[in-house]
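Colleague: I have a structure I would like to understand better, so I am pasting it below and will then ask my questions one at a time.
The values are calculated or read from the model by the stated rules, or taken from the named source; none is laboratory data. Model, not experiment: these values are computed from the prediction. Neighbour counts run over all protein chains shown; Cβ positions are idealised from the backbone, glycine included. Quick note on the areas: whole protein, heavy atoms, side chains included, nothing else; ligands and nucleic acids left out. Shrake-Rupley method; radii C 1.70, N 1.55, O 1.52, S 1.80 Å.
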Amino acid sequence: MNADNSKQVDILRLFAEKAIAYDQKIEIALVSFDGPEQNILANVTLWHPQKVDLQMCEKVSGILNEMLDKADPFKEHYTLEVASLSLSRKLKTADDIRRAVGENIRIKFKDKEKAE
């Protein structure tokens, strides 16, 4: 797969936003479209204030898969994965931090001298 997959990610995000429209509390935390050409993973990671469970992932996956099959927006062969945020995820953005409010987190500091 080429290094610039931003177009595929944007398309996947657009379809995923439509797939979650049934519940306005669901958020898309991460979208990726990457991997070796024979094994591309189209990943949509969800967040919900109560929790993302298997049933929610299955429902969004079903809706999204049906829309993608109908529109066929990708020339590449891919595997669709809809998942919840990992417990070991890194907090990189303000939205990541907002989503982690109320959770126990572990903070690692880099030694500034070693990092330079």
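Colleague: Which one of these does GLY35 not meet: (1) closer than 30 Å to VAL101 by Cβ; (2) at pLDDT below 95; (3) surrounded by 12 or more Cβ atoms within 10 Å (Cβ to Cβ)?
Modeller: Tallying (1) closer than 30 Å to VAL101 by Cβ; (2) at pLDDT below 95; (3) surrounded by 12 or more Cβ atoms within 10 Å (Cβ to Cβ), GLY35 fails exactly one: (1).
So that you can scan it fast, the table gives a plain yes or no per residue for (1) at negative phi; (2) surrounded by 15 or more Cβ atoms within 10 Å (Cβ to Cβ); (3) touching a helix residue (DSSP H, G or I) at 6+ places or on another chain (Cβ under 7 Å):
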{"position": "VAL9", "(1), (2), (3)": "yes, yes, no"}
{"position": "LEU14", "(1), (2), (3)": "yes, no, no"}
{"position": "ASP23", "(1), (2), (3)": "yes, no, no"}
{"position": "ILE40", "(1), (2), (3)": "yes, yes, no"}
{"position": "GLN50", "(1), (2), (3)": "yes, no, no"}
{"position": "VAL60", "(1), (2), (3)": "yes, yes, yes"}
{"position": "LEU64", "(1), (2), (3)": "yes, yes, yes"}
{"position": "ASP69", "(1), (2), (3)": "yes, no, no"}
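Colleague: Can we say LEU85 is in contact with a Phe, Trp or Tyr (Cβ under 9 Å, 6 or more places away or on another chain) and open to solvent by less than 30 Å² (accessible area, probe 1.4 Å)?
Modeller: It is false that LEU85 is in contact with a Phe, Trp or Tyr (Cβ under 9 Å, 6 or more places away or on another chain) and open to solvent by less than 30 Å² (accessible area, probe 1.4 Å).
Colleague: Identify, from the list LEU54, LEU46, LEU68, LEU30, the residue that is within 14 Å of the chain's Cα centre (by Cα) and either of a type in the set (Ser, Thr, Tyr) or at pLDDT 95 or above (or both).
Modeller: It is LEU46.
Colleague: Additional query: Looking only at region 92-114, filter to residues that are of a type outside the set (Gly, Ala, Ser) and within 16 Å of ILE28 (Cβ to Cβ); which one of those is surrounded by the fewest Cβ atoms within 10 Å (Cβ to Cβ)?
Modeller: For region 92-114, the residue satisfying everything is LYS92.
Colleague: Looking at SER6, SER32, SER61, which is the one that is more than 24 Å from THR93 (Cα to Cα) and among the small types (Gly, Ala, Ser)?
Modeller: Selected residue: SER61, the only one of SER6, SER32, SER61 that is more than 24 Å from THR93 (Cα to Cα) and among the small types (Gly, Ala, Ser).
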